[in-house]
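First up is the structure itself, then whatever we jot down about it.
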Amino acid sequence: MQRYSLAILAGIFFVLVVGLSWAEVLSPYVQLVLMFIGVNIIMSSSLNLINGYMGEFSCGHAGFMALGGYTSAAISFYFLGPLLAQLGTGGVLGAIGEHAALAVALLSGGFAAAIAGLLVGIPTLRLRGDYLAIATLGMGEIIRVVILNTDFVGGARGFTDIPRWTTFTWVFLIAGLCVLVVRNLIASTMGRALIAVREDEDAAAAMGINTTRYKVFAFVLGAFFAGVAGGLQAHYLQYLHTNSFTFLRSIEIVVFVILGGGGSITGSVISASVLTILPEALRVAQSWRMVIYSALLVVMMLTRPQGLMGGREFQWRWLIPRWGKR
């Protein structure tokens, strides 16, 4: 049962959140915060595959999110939305059509981000350490600036009137799917190869592992899920602006991974959830809330530098008292 602990926990969380949403007991503000939690879980889990399990330091994840978000929004706004308007959006068939259109838009955004990840990953993943961080950071800024100067997707005004097709079911279903894909990948032979690359890339290459191929694959998969997360956010907020995808957003996602613990999916989920809720909970402190938020992060890293989970995953036996043991 321990083998499926993470899957069971994700399923319970999914049913709970979606059930509360369908029961309409959550305010619009709470729903918005929960949507951001789901999106941040996708972003942190996908980046953990690169930074945590593969051991490479990428700082451009927000760029992939922006590319995926704008691509899916453009496809929905210019093609899928008008097509649904012609076919009619009422009744059961209309709801099915919206879900199908959202799936197409999300896949399009994910594949656009994955292609960008492939084009960027092949030359940059030959770099290591700080050089890779600088290269990916520059890549994210290039994507943002290109979008900022493209009138087709709103330019400096931002992209408005995006169809609101995202639901809680979609957000947390894809968040759970991302968690399970990363978890199963790490448990596979390919995942063991990625961990070997992280521990000692030269030794892994000497043992016959094609380090560049494995690193590019992980980079592309992480970029794909980042693009899907951008599409989910776009179709919920109905608005996109490049100010939401600056390098500070990339650093925020890196903080999720580091604070949760590199190489721990459970840690990424917990840190993404807590660090999304914490700034909102500290609003009562007004102008001091970001000071308190930053101070808590500093204290956490001083007291537990390996992160919250330290590379471990949740196990049900932690909840069972050890009777009779001292």
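The values are calculated or read from the model by the stated rules, or taken from the named source; none is laboratory data. Since we're looking at a predicted model, the values are computed, not measured. Note that we place each Cβ from the backbone using ideal geometry, even for glycine, and neighbour counts take in every protein chain shown.
For segment 34-78, the candidate set comprises residues that are more than 24 Å from T169 (Cα to Cα) and of a type in the set (F, W, Y); within that set, the residue that is surrounded by the most Cβ atoms within 10 Å (Cβ to Cβ) is Y53.
All conditions but one from (1) closer than 21 Å to I270 by Cβ; (2) modelled with pLDDT of 95 or more; (3) not charged (D, E, K, R) apply to L240; the one that does not is (1).
Could you grab the pairs with beta carbons closer than 6 Å, sequence gap of 6+ or different chains, first residue in segment 179-194 and part of a loop (DSSP other than H, G, I, E, B) and at pLDDT below 90, second one buried (at least 17 other Cβ atoms within 10 Å of the Cβ) and among the hydroxyl-bearing types (S, T, Y)? From residues that are part of a loop (DSSP other than H, G, I, E, B) and at pLDDT below 90, there are no pairs.
I'd like to know if segment 238-255 contains one or more residues that are over 28 Å from L148 (Cα atoms), in a helix (DSSP H, G or I) and touching a residue at least 40 places away in the same chain (Cβ under 8 Å). No, the conditions are met nowhere in segment 238-255.
Taking the listed residues I134, I96, I122, I174, the one that is assigned to a helix (DSSP H, G or I) and either in contact with a strand residue (DSSP E or B) (Cβ under 8 Å, 6 or more places away or on another chain) or modelled with pLDDT of 90 or more (or both) is I174, with no other qualifying.
Counting the residues of segment 146-167 that are surrounded by fewer than 17 Cβ atoms within 10 Å (Cβ to Cβ), in contact with a Gly (Cβ under 7 Å, 6 or more places away or on another chain) and not in a strand (DSSP E or B) gives 1.
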